[in-house]
Amino acid sequence: MCSPLFSVKLVLLVDPLYLFVWCQLFEYVVILNRESSSPLSSQIYQQYREAILKRRVPEGERLPSSRQLAVSLSVSRNTVNTAYDLLRSEGLVDVRSGARPEVVSLPEVERAVSDGDASGDVPPLSSRGQRFALNHRYSSPTGRGSFMQPGEPSRELFPKELWARSLRRAARILNGSALGYEHSSGLPELQRVLAQYLAQERGVVCEPEQILAFPTVQAVLSLMSQCFSEEGDTALIEEPGYLGARTAFVSSGLTVRPVTEIDQVDRASLIYVTPSHQYPTGQRMEMGARLTLLQQAHERGAVILEDDYDSEFLFEGRPIAALQGLSERNSVIYIGTSAKSLMPGIRLAYAVVPKTHVEGLRLAQRASGALANVHVQLAFADFIESGHFRAHLNKIRSAYLENGSALCQLLNDRFGDRVEVLMPKGGLQLTLYLPEACDDLAVADYLNRKGFGVNPLSVFYLGQPRKGLLVGFAEANEKLREAFTCALAEALAQQAMPARERVRV
């Protein structure tokens, strides 16, 4: 770094924990923080590394000898030698016996025009990347909504201790191939338990090996849209319909149309439906409509993606058997998740795929990296097999029924025929229809500025939308229900005012 006449000056800060070493020729400072958790050798290495890469120390110059630098910084020579060894291992300096380390020649790197421009000349996203980056979901401009978020389970009712017990058991017994890549598409224990559970509870017909474990439903939709369609193909979704499905299909370059237009489509690659508890309206698809859909899908060469996201806790009767179990041609991929029955943060979903495509989809899943945590898989299998899952479902079903019914009754009592709200049949949210003259985006924004996380209904439509709100009630206790109802009354009163007179919260 310095000439043979190298000299060092020590400068102490007011805080004696810091020491400076200053090279007169380059005015380069090494600063050590002795309270930092980072080793002193790492601090020396990192600072010289940055100085060399940014050309503050030019090529061909020599750094201080290990003895000189050790004395200057009041550290051991071993500390300095460790730092120099790291620089040498990266090819930044040449270290020869009896000579000070010499900065090597490095290729020039094209730099941004302005140091303040963090992006520099980063290439733009590809057309595919731009499709992936599109936000099809509603985002509150305030970002403040948190309560009554649609699809958000109750955090208070999450069985923390029982789930922790299952996780601890999984951590104790998992070993060998289970911790490697051998079962990357799903642990045999989870596949076995789910196959039995789905057959009993949902009428799903499958062998355990047909069940693939994923981190999220979105990962399932993304992979299936890429594996069963070509760019430019048509995909059909419900109207209104789940925005995650629209995101997956658009990202894959598909043309998305409402499933109500199926008679106008000669061929479709994918049809996405939520027949047991339609999202977001909460309706059930009756048996006649199910059988008709299966026939229509066959005539158009389509794979049906059946998202059974929360049918485990319907409030009345038993859920209608899964569409997958009715398909004689194995053209239905059944999708389930723990995100609604437990919590989204668990990050576990699964897909029951046609037997003929098991191997291909396993390889595609491995290539995509959409793999689920093995400890969570085994814990979920244990949670089901121990009976804790059914007990938890019974508990939340009762609590959600009480919250949803009370909210529905309060809204009907408060607003009468000014809004339309139907008693929920299950799930975590209800649909509230507003007068067509209302701007449901503005109403949702107003409510979310008050702290509620509702969604405007209109965003779920591809065509002409109905105006309304999607309101979660999993955590809607009496106090929260009353607060929401008052805030909704204020939002509707705002809508009745001329635009110039409306007041922002």
Given the condition in a strand (DSSP E or B), within 29 Å of residue 479 (Cα to Cα) and open to solvent by less than 30 Å² (accessible area, probe 1.4 Å), answer yes or no: does some residue in the stretch 411-427 qualify? yes
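Yes/no matrix, rows are residues, columns are (1) open to solvent by 50 Å² or more (accessible area, probe 1.4 Å); (2) more than 28 Å from residue 468 (Cα to Cα); (3) over 27 Å from the mean Cα position of the chain (by Cα):
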{"position": "257", "(1), (2), (3)": "yes, no, no"}
{"position": "273", "(1), (2), (3)": "no, no, no"}
{"position": "300", "(1), (2), (3)": "no, yes, yes"}
{"position": "308", "(1), (2), (3)": "no, no, no"}
{"position": "326", "(1), (2), (3)": "yes, yes, yes"}
{"position": "331", "(1), (2), (3)": "no, yes, yes"}
{"position": "334", "(1), (2), (3)": "no, yes, no"}
{"position": "342", "(1), (2), (3)": "no, no, no"}
Taking the criterion of being modelled with pLDDT of 95 or more, assigned to a loop (DSSP other than H, G, I, E, B) and not polar (S, T, N, Q), would at least one residue in the stretch 189-203 satisfy it? no
Scan the stretch 203-216 and tell me whether some residue there is in contact (Cβ under 8 Å) with a residue 60 or more places away in the chain, on the phi > 0 side of the Ramachandran plot and open to solvent by less than 40 Å² (accessible area, probe 1.4 Å). yes
Could you go through the stretch 177-190 and let me know if any residue there is closer than 24 Å to residue 276 by Cα and of a type in the set (Phe, Trp, Tyr). no
Here are some residues: 392, 357. Which one is in a helix (DSSP H, G or I) and open to solvent by 20 Å² or more (accessible area, probe 1.4 Å)? 357
Suppose we keep only residues that are touching a Leu at 6+ places or on another chain (Cβ under 8 Å) and assigned to a loop (DSSP other than H, G, I, E, B) within the stretch 314-328. Which one would you say is farthest from residue 202 (Cα to Cα)? 315
Top-ranked residue in the stretch 147-189 [being among the hydroxyl-bearing types (Ser, Thr, Tyr) and either without any contact (Cβ under 8 Å) to a residue 24 or more places away in the chain or open to solvent by 60 Å² or more (accessible area, probe 1.4 Å) (or both); ranked as nearest to residue 368 (Cα to Cα)]: 181
Quick one: in the stretch 72-109, of everything that is touching a strand residue (DSSP E or B) at 6+ places or on another chain (Cβ under 8 Å), in a helix (DSSP H, G or I) and at pLDDT 90 or above, which residue is surrounded by the fewest Cβ atoms within 10 Å (Cβ to Cβ)? 88
Counting just the residues of the stretch 124-146 that are open to solvent by 100 Å² or more (accessible area, probe 1.4 Å), modelled with pLDDT of 80 or more and in a loop (DSSP other than H, G, I, E, B), which one comes out nearest to residue 347 (Cα to Cα)? 125
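The values are calculated or read from the model by the stated rules, or taken from the named source; none is laboratory data. It should be emphasised that the depicted structure is a prediction, and the values quoted were computed from it without experimental measurement. Quick reminder, even Gly has a Cβ in these numbers, built from the backbone with ideal geometry, and neighbours come from all protein chains shown. Each accessible area value is taken on the protein alone, full model and side chains, heavy atoms only, with ligands, DNA and RNA left out. Shrake-Rupley method; radii C 1.70, N 1.55, O 1.52, S 1.80 Å.
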